[in-house]
Amino acid sequence: MSETQNNLICPNCGSKTVRTFFRTENVPVHSVLLMDTEDEAINYPKGDIELGYCSTCTFIYNTVFDPSKHEYSSKYEETQGFSETFNKFHKNLAQKLIEKHNLYNKDIIEIGCGKGEFLTMICELGKNKGIGFDPSYVPGRSKSKIEEKVNFIKDFYSEKYTSYHGDFVACKMTLEHIPDTLEFLKIVRRSIGERYNTTIFFQVPDTERVLAEKGFWDIYYEHCSYFNIASLETAFKLAGFKVIDSGKDYDDQYLMVEAVPTTEMQEISINPAQKEKMEKLVNNFESEIKERLNEWQNDFINYKNQGKKALLWGGGSKAVAFLTTLGIKDEIKYAVDINPFKHNTYLAGNGQKIISPEFLKELKPDVVVVMNPIYVDEITKDINKMGLNPQIVPIDYKDKQG
């Protein structure tokens, strides 16, 4: 076990009980920014990741993260909106929130709205008005019958936008990109002021799952902050919110927290069993990750030696982290993605080309490694329609063996 480093201060709770436990170097600082050429992808700026674990609030973060390296823009292609599986989840989530919080004819704010799909959906379904903040927003991508009621600001949400007020504030898959998590939540709290009827909803990846699966493919530069329920709720309480609901969804991949502003003093404590669980997960990850990396490297060596054509399905952050952490170049030449905006671009790091599913008819792969297991059924169905029958390998299959 590595030692606590007294010079590190947890950005989630302010404590000095942080120790580092995992390091990977020279990884692309962006993994879903569209790369138009192989050369651009291979030579894209790199950075290091050194994960620190705070034993006070159980938060994990990249202790050497440098936000100045990032260039979020319209070329940042993060959407999952081309998947039937994801769209079903997205619509169910929007309907659930609308019904639960009576979001009809209300003002909705979304921080980190991406291409605007969720904000547009929740405004259409509840006849709401919306304002979305995101530098990667692309006008016209999210078609809507109520375009005049949904406005987008192509910028990061910050202190200068605290004058924008909503009855409901959503922030999905964004807080993990923010290094100063507690300070950011305090900005949101200041924007709400004394409007105590305002509800906020945050969604982030679940780090417990990443640790349990030794999921190095879910550790990449954009994600500088890694939460479990305990660390997420702690940050909200310290920022002046009362958590009214929390849980997991999407095959337990996502954590979700709903909260309201409060002036009440709250006890900031974490269940000892939760701390013990996180300590065990961190320790096991630290001691077993090299073995996991070796297992995957040997798999691809074997595929190559057996003359099998292998590729990845999913041309996003998981693919970039997977390939660059393993150092895989020649063993994998392609990544498939259903997002047409990614086709004929290249993965940052090692330069694999992103292709459309139709290309598989010509390629006829022997092995397809699925970068997110929740899409296995959807992908298998698409592959079978092409008359192909490759070996389908979900990224988490090693945890389901024996």
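The values are calculated or read from the model by the stated rules, or taken from the named source; none is laboratory data. Because the structure is predicted, anything quoted here is derived from the model rather than measured. When we count neighbours, we look across all protein chains shown, and the Cβ atoms used for this are built from the backbone with ideal geometry, even at glycine.
Of everything in the range 278-287, what is more than 11 Å from residue 216 (Cβ to Cβ) and either among the basic types (Lys, Arg) or touching a residue at least 60 places away in the same chain (Cβ under 8 Å) (or both)? Give them in sequence order.
Scanning the range 278-287 gives 278, 279, 280, 281, 282, 283, 284, 286.
Inside the range 10-36, can you point out the residues that are in a loop (DSSP other than H, G, I, E, B) and surrounded by fewer than 18 Cβ atoms within 10 Å (Cβ to Cβ)?
The answer is 14, 15, 16, 17, 36.
Consider residue 258 against the criteria (1) assigned to a helix (DSSP H, G or I); (2) at pLDDT 95 or above: it satisfies all of them except one. Which criterion is unmet?
Of (1) assigned to a helix (DSSP H, G or I); (2) at pLDDT 95 or above, only one is false for residue 258: (1).
Any idea which of (1) modelled with pLDDT of 95 or more; (2) over 23 Å from the mean Cα position of the chain (by Cα) is the one residue 58 doesn't satisfy?
Just one mismatch for residue 58, condition (2).
Which residue is farthest from the chain's Cα centre (by Cα), if the candidates are limited to the range 181-200 and must be of a type in the set (Val, Ile, Thr) and under 23 Å from residue 11 (Cα atoms)?
192
Give just the number: which of (1) farther than 13 Å from residue 59 by Cβ; (2) surrounded by fewer than 19 Cβ atoms within 10 Å (Cβ to Cβ); (3) at pLDDT 95 or above does residue 271 not satisfy?
(3)
Residues are listed down the side, and each one gets a yes or a no for (1) at pLDDT 95 or above; (2) surrounded by fewer than 17 Cβ atoms within 10 Å (Cβ to Cβ); (3) in contact with an Asp or Glu (Cβ under 7 Å, 6 or more places away or on another chain):
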| position | (1), (2), (3) |
| --- | --- |
| 280 | yes, yes, no |
| 285 | yes, no, no |
| 288 | yes, yes, no |
| 304 | no, yes, yes |
| 310 | yes, no, yes |
| 313 | yes, no, no |
| 323 | yes, no, no |
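Can you name every residue in the range 37-61 that is among the hydroxyl-bearing types (Ser, Thr, Tyr), under 24 Å from residue 329 (Cβ atoms) and surrounded by 17 or more Cβ atoms within 10 Å (Cβ to Cβ)?
If the condition is that a residue be among the hydroxyl-bearing types (Ser, Thr, Tyr), under 24 Å from residue 329 (Cβ atoms) and surrounded by 17 or more Cβ atoms within 10 Å (Cβ to Cβ), then 44 is the only one that fits.
Going by what's in this entry, would residue 231 be described as over 23 Å from residue 31 (Cβ atoms), surrounded by 21 or more Cβ atoms within 10 Å (Cβ to Cβ) and within 18 Å of the chain's Cα centre (by Cα)?
yes
What number of residues within the range 292-319 are under 25 Å from residue 362 (Cα atoms), of a type outside the set (D, E, K, R), assigned to a helix (DSSP H, G or I) and in contact (Cβ under 8 Å) with a residue 12 or more places away in the chain?
Total satisfying the criteria: 4.
The rows are residues; the columns are (1) touching a Pro at 6+ places or on another chain (Cβ under 7 Å); (2) touching a residue at least 24 places away in the same chain (Cβ under 8 Å).
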residue	(1), (2)
326	no, yes
331	no, yes
344	no, no
347	no, yes
361	no, yes
369	no, yes
372	no, yes
382	yes, yes
394	yes, yes
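Which of the residues that make up the range 338-367 are crowded, with 22+ Cβ neighbours inside 10 Å and touching a Phe, Trp or Tyr at 6+ places or on another chain (Cβ under 8 Å)?
Once the filter is applied, which keeps residues that are crowded, with 22+ Cβ neighbours inside 10 Å and touching a Phe, Trp or Tyr at 6+ places or on another chain (Cβ under 8 Å), the range 338-367 yields 348, 349, 352, 354.
Looking only at the range 55-102, count every residue that is closer than 24 Å to residue 169 by Cβ, part of a loop (DSSP other than H, G, I, E, B) and among the β-branched types (Val, Ile, Thr) and tell me the total.
1
Filter the range 1-53 down to residues that are farther than 30 Å from residue 345 by Cβ and of a type in the set (Gly, Ala, Ser) and give me whichever is modelled with the highest pLDDT.
52
Return only the number of the condition from (1) closer than 30 Å to residue 278 by Cα; (2) within 21 Å of the chain's Cα centre (by Cα) that residue 82 does not satisfy.
(1)
Of the residues 201, 133, which is touching a Gly at 6+ places or on another chain (Cβ under 9 Å), under 25 Å from residue 226 (Cα atoms) and at pLDDT 95 or above?
133
Residues that are farther than 29 Å from residue 65 by Cβ, in contact (Cβ under 8 Å) with a residue 12 or more places away in the chain and of a type in the set (Gly, Ala, Ser): which helices (runs of 4 or more DSSP H) entirely in the range 114-225 hold 1 or more of them?
Output list reads 117-126.
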